[in-house]
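Scroll down for the structure; my scribbles are underneath it.
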Amino acid sequence: MSETTELYYPNRELAKEARIKNMCEYEDLVKWAEEDYEGFWAHYAKEKLDWFELFDEEKVLDESDFPFVKWFGGGKLNVAYQCIDRHLDKRKNKAAIIWEGDRGDKRIITYLELYQEVNRFANLLKNEFGVKKGDRVVIYMPMIPEAAFAMLACARIGAIHSVVFGGFSAEALRDRIIDAEAKVVITADGAYRKDKPYMLKPVVDVALEEETPVEKVLVVERNNEEIAWVKGRDYSYNELIQTQSATCKPEVMESEDPLFLLYTSGSTGKPKGVQHNQAGYILWAQMTMEWVFDVKENDTYWCTADIGWITGHTYIVYGPLAMGATTVMFEGVPTYPDAGRPWKMVEEYRINQFYTAPTAIRVLHKMGEEEPSKYDLSSLKVLGTVGEPIDPPAWKWYYEVVGGGRCAIVDTYWQTETGGHIVSPLPFATPIKPACATLPLPGIFGEILDPQTGERVPVGEKGYMCVTKPWPSMIRGVWGDPERFKKSYFGDVKKNGKPVYFTGDGAVYDELGYITITGRTDDVINVSGHRLGTAEIEAAIKKHPNVAEVAVVGKPHEIKGESIFAYVVLKDDEGLGDEVAEMKAINAVIKSEIGNIALCDDIAFVPGLPKTRSGKIMRRILRAIAKGEPITQDTSTLEDPSVVEKIQTIVNK
């Protein structure tokens, strides 16, 4: 069977108990959404959510001010209530959060304990800090349970939280505080990483040295390192929480009231404050947990993301808790103290669904190819990937070695702006193709369109990945900048004369109608007039058996306009005496996969790639090195800042 049609069929035994058992059921749901779109969503909104006041069935979807759409008009609810209170009758003693720290310390928080902790936190914010409905609160926290408590406490009292990833610099934090006009920052003194303390509070202090709207800073004392305290501004969570009541009535929220902001970095300009609202977001968070991961009542689910990203919001906190699941929260890194750490946790907690990034999978593969076989991973049913396309070699190791050939892999495609998955296999229904996102989920009108004509592209031709109908969890705006919202997401593609949501990604259909994401349309290299996606070139290079990781950028070229520069991390670089031969071998693979037009003029064999702690490759740094330009980007958020200097030395030698 050719690689383009190689399919892995669902585990029939597990499919018997699945929520969506086969492709017939999937197609029935798709047809229902096509024939009665508003009825489809109204049904699930009534079935999945507990409303204080049910929405008006005449106002399920309001597109009168498109693209500023509204869902479930007239409905009243509270997201913290959805995630906690409504589970207490049946699940008060069930584990809501299982937390494991970097050093192996553990906490299990039941739904009743979560209810009490969140209520105390909500009362602290209301009574001690005067936080009220609509106020913005910045959360700059490590992966500790109090971070989840803080998010849910904000939701309970109607405050709008903006979680900032704990690896961001003081300048990045300040920019987000100022843009959101946040009056409170919640942080921690620090946390642990690879058994060593790292500090967050000093970063907050630097961020607040210049004028900001912040009035109060709440500090969770996690690692008890020495920190500075500013009198009248800084307060100890550990002290104040002791006197708070464990009862707090949830604020009644309208369906379209804002729930949170999450800032995404554009390639240029200031970060965009992506706004998500109450009802539509929490509905899709729950539905995708149930459909894509098929989490059941007694399952234990683990997403390895950080709460500073949308994956952590939707698939560590809101989605799992909305459906009453047990969610695992991990402070450490997957390769510490060794590459067996995640598999040891899977064995210990009998984890059923495991969700991580392709970068983590590749690192675990490289550092511990045989590690999974040392542990009992028989509890696993669904393996997920998120954040970027996964290459076929990593996919096969994940499937065969981690999943034992019996687990479904859900290669999920979505964005901060979509709120939840939009294209993904259903684990026990969809025949899965390695490294392919497969099909849009029911209710999501995902199409690959020609940007010029707005027509669906033919099989094998690249186009723009779009969503042609509004859906409940979609971005509701860019905070404080409605024009940027329209220009960023609805300015590039029209279908039948109407603007549609453009993801910014390119994609291609195969003969099955499956969707493969080819990468950002702005991550392209123009070689002699040919536009080549970096993701496509990287996927080809990864097929070389000795390539562990690769990042491709464009480099100015006198004749071609741009040439292709590849940074390659080898699986085995011992005795790399003949770099020229290795380069020829890699280019031979590219020639075979894409053609001569995509051959690399430069290949640098490097010890690692500059990545943020969430695993994102900082390509702007690599572009600057390729061009011989100075590094102007902030490297403090990198997992290993020293790798930049090492790469520069190799490239400049």
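No value in this document is a laboratory result; all are computed from the given coordinates. Since we're looking at a predicted model, the values are computed, not measured. Cβ sites come from the backbone with ideal geometry, for glycine too, and all protein chains shown count toward neighbours.
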### Task
Provide the gained length on full extension for the span Glu400 to Asn652, in nm with one decimal, where the gain is 0.36 nm per separating residue minus the Cα-Cα distance.
86.7 nm
### Message
Can you give me the convex hull volume of the Cα atoms of the stretch 523-652, divided per residue and expressed in Å³?
### Response
109 Å³
## Note on the structure
Per-residue Cβ contact counts at 10 Å, fewest first, order Leu88, Leu283 as Leu88, Leu283
### Query
For a label point 7 angstrom out from the Cα of Asn224 toward its Cβ, which stretches of the stretch 179-199 have the backbone nitrogen within less than 16 Å?
189-192, 197-198
### Message
Restricting to bridges with both residues inside the chain, how much of the DSSP beta-bridge set is antiparallel, in percent to the nearest 5?
### Response
60 percent
### Query
Relative contact order of the chain: what whole-number percent is it, with Cα pairs under 8 angstrom and at least 6 residues apart?
12 percent
### Sites matching GluC sites (Glu not before Pro) across the stretch 28-59 that sit in DSSP coil, with at most 15 neighbouring C-beta atoms within 10 Å
Glu57, Glu58
### Task
Express in whole angstrom the spacing between the alpha-carbon centres of the stretch 541-567 and the stretch 83-134.
47 Å
### Query
For the chain, what is the mean residue ellipticity at 222 nm derived from helices alone (per DSSP H run of n ≥ 4: -39500 (n - 2.57); sum divided by total residues; nearest 500 deg cm²/dmol)?
-8000 deg cm²/dmol
### Task
Determine the relative contact order of the stretch 98-194: mean sequence separation of Cα pairs under 8 Å and six or more apart, normalised by residue count, in whole percent.
33 percent
#### Entry: Sparse-neighbour loop sites [GluC sites (Glu not before Pro); the stretch 358-410; at most 15 other C-beta within 10 Å; DSSP]
Glu369, Glu370
### Query
Where the centroid of each part is defined by its Cα atoms, how far is the stretch 452-470 from the stretch 159-208 in Å?
39 Å
### Query
Taking the alpha-carbon centroid of each part, what is the distance from the stretch 582-653 to the stretch 377-447 in angstrom?
27 Å
### Query
When N is the residue count of the chain, what does its C-alpha Rg come to as a fraction of 2.2 N^0.38 Å?
0.93
#### Entry: Å³ per residue enclosed by the Cα convex hull of the stretch 472-523
122 Å³
### Query
Most exposed first by the Cβ proxy, i.e. fewest other Cβ within 10 Å, how do Met583, Met323 rank?
Met583, Met323
#### Entry: Ranked list, fewest to most other Cβ atoms within 10 Å of each Cβ, for Cys24, Cys600, Cys407
Cys24, Cys600, Cys407
